[in-house]
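Working notes, beginning with the structure itself.
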Amino acid sequence: MSYSAKLTNGVLIVEDDPDSAFLLEHRLKKLDIPVLEVIATGEMAVARVYDLSPDLVLMDIQLQGDMDGIEAAKKITRQFDVPIIFLTAHSDRQTLDRAAVSGHYGYILKPVDSRQLDVSIQVALKQHHLEQELAISRAWFQETIYGIADMVITTDTDGIIDYVNPAGLEVLQRDRKDVFGRKLGELMSIKDKHAADISGQILEGAADSALYRRDEHYINVNDPTDIPVDLTVIPIITRRNLVGWVLFFHDITQRKQYEQDLVRARDDLNAYKTELQHLSDHLRSVQEKERGNISREIHDEIAQNLARIRMDIQNVKKKCEEEELQTLNNASELVDETIQSVRRIATELRPRILDDVGLIAAVQWQVNQSRARDELDIELSYEPEEFSLEHEMAVDIFRIVQESLHNVTKHADASTARIKLQQTDREVIVSIADNGNGFEKDALQSASSLGIVGMRERARRWNGNFSVSSSPGKGTRIDVAIPDLSHH
């Protein structure tokens, strides 16, 4: 067979018997194996391995000089990564025992048989290749684990520690020699989030699955303070046999602190939000009360005074000359218009019909006002005929309808609107829809949307749901659903 794919340089022969060396070189050439050189001493063998970098060394055990083949093999193994196969005519126990510690890859008995030579070289090259791959994998693993900031511990099947990375040694506050060969539970206690010690159960639980991962464990290393960790345990399985475990301990102390800070900040924010909501509710109640007071004062005092002025004008008209009559008529008409304006302003501030008759009558009045003033076609429906509500809830619902109609006439450029009110056993439902311009969702964040914010706050005051749906050219719809506690 051809070895060109397996050999980079060739084979070095170390043999002090010329006939044996010639025969061996001949057989290697027949196997298409390049021979770099044939040398006769152990000292020269060590030097030429350095110079030639052979893929394999065929070493005679019995060499002339101060260094036999076994000693030469030991030096080569310590200094160079080169596989060695021994050549020997002796198979006594003492020789084999000496050769066993030299790191060799097999024996070939003299006289050398071509088939044995072929098989031995193939096995040696394959074994050496696998060992190289294993060494690379081990180096990658060790360097990776070495550099991990988390504590990493490996154990055998009995839980005896055989590796701890530097981060782990720092956590355990121990030197490397103090941890190897000891059980995990001897160095630290492992607790679950309920503070129960589970040090002896961790590996048992991991044996039942390919991966054991648990959040929020705690470890303690002779310290009053527990360290919160996320724990991952990976069983190492070779040919379906469990050979050990790798344990990863990720310190989550900082994360726990962040979580606690976040909870405190959320609690503070919720408390602040609650205070703002209470203040908002209080200001709204004060505002409604002041509106009522101002409305009554305007209606009861200013409007009545204007009515007296109108009566006085009528009395004067009876006594004045003809040329002064037109002036008084104009004054009387102006007073009448002012009285109507005062009554309208007083009603808009706080419709007395809302306090005296109820929600439905107040909404009907508002709809009629909008129809007359804004020439808006409004469809109003409600069920039942009369609503039974807390007075302040009725005021908030009326203000939502009033603000919605104000937005329709001021911003929507709509020709029609639909208002629906319904009271069920569970909730009060209000919907206002128009066929106006509509708007993009982002417009809700603008300063002009404060009216919508006010409506949402009025619904929120009663634990209600408030939603706005709109799109350009397709109108706007407002839906409100407020739990009705008056029936419970």
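The values are calculated or read from the model by the stated rules, or taken from the named source; none is laboratory data. Nothing here was measured: the structure is a model prediction, and the numbers come from that model. Quick reminder, even Gly has a Cβ in these numbers, built from the backbone with ideal geometry, and neighbours come from all protein chains shown.
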(message) If I go through segment 28-60 residue by residue, how many of them are of a type in the set (Lys, Arg), touching a residue at least 24 places away in the same chain (Cβ under 8 Å) and surrounded by fewer than 17 Cβ atoms within 10 Å (Cβ to Cβ)?
(response) 1
(request) Show the residue pairs that are 6+ apart or on different chains and have beta-carbon atoms under 7 Å apart, the first residue being within segment 108-122 and assigned by TED's automatic domain parsing to the domain that holds Ile84, the second being of a type in the set (Ser, Thr, Tyr) and at pLDDT below 85. (result) Leu109/Thr88; Leu109/Ser91; Lys110/Thr88
(request) Among the helices (runs of 4 or more DSSP H) lying completely within segment 1-93, list those that include at least 1 residues that are closer than 18 Å to Val112 by Cβ, of a type in the set (D, E, K, R) and in the same structural domain as Pro111 (by TED's automatic domain parsing). (result) 18-30
(message) Which residue is modelled with the lowest pLDDT, if the candidates are limited to segment 433-467 and must be in a helix (DSSP H, G or I) and of a type in the set (Asp, Glu)?
(response) Asp442
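A quick yes/no check of all residues on (1) part of a strand (DSSP E or B); (2) outside the structural domain of Gln201 (by TED's automatic domain parsing); (3) touching a strand residue (DSSP E or B) at 6+ places or on another chain (Cβ under 8 Å):
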| residue | (1), (2), (3) |
| --- | --- |
| Asp215 | yes, no, yes |
| Tyr218 | yes, no, yes |
| Asn222 | no, no, no |
| Pro228 | yes, no, yes |
| Ile234 | yes, no, yes |
| Gly244 | yes, no, yes |
| Arg264 | no, yes, no |
(message) Taking the conditions exactly as written (closer than 20 Å to Asn9 by Cα, surrounded by 17 or more Cβ atoms within 10 Å (Cβ to Cβ) and out of contact with any His (no Cβ under 7 Å at 6 or more places or on another chain)), does Ala73 satisfy them or not?
(response) no
(message) Based on this model, can you work out whether Arg343 counts as of a type outside the set (Gly, Ala, Ser) and modelled with pLDDT of 75 or more?
(response) no
(message) Going residue by residue through segment 271-281, is there one that turns out to be among the aromatic types (Phe, Trp, Tyr), out of contact with any Asp or Glu (no Cβ under 8 Å at 6 or more places or on another chain), more than 27 Å from Arg399 (Cα to Cα) and at pLDDT 75 or above?
(response) no
(request) Taking Ala414 as the residue in question, decide whether it is more than 17 Å from Arg458 (Cα to Cα) and either in contact with a Gly (Cβ under 6 Å, 6 or more places away or on another chain) or not assigned by TED's automatic domain parsing to the domain that holds Arg456 (or both). (result) yes
(message) Please pick out the residue among Leu96, Leu125 that is assigned by TED's automatic domain parsing to the domain that holds Lys75, surrounded by 11 or more Cβ atoms within 10 Å (Cβ to Cβ) and modelled with pLDDT under 85.
(response) Leu96
(message) Can you tell me which residue is surrounded by the most Cβ atoms within 10 Å (Cβ to Cβ) among those in segment 361-419 that are polar (S, T, N, Q) and not in a helix (DSSP H, G or I)?
(response) Thr416
(request) Taking the options Ile108, Ile145, Ile136, name whichever one is surrounded by fewer than 12 Cβ atoms within 10 Å (Cβ to Cβ) and at pLDDT below 90. (result) Ile136
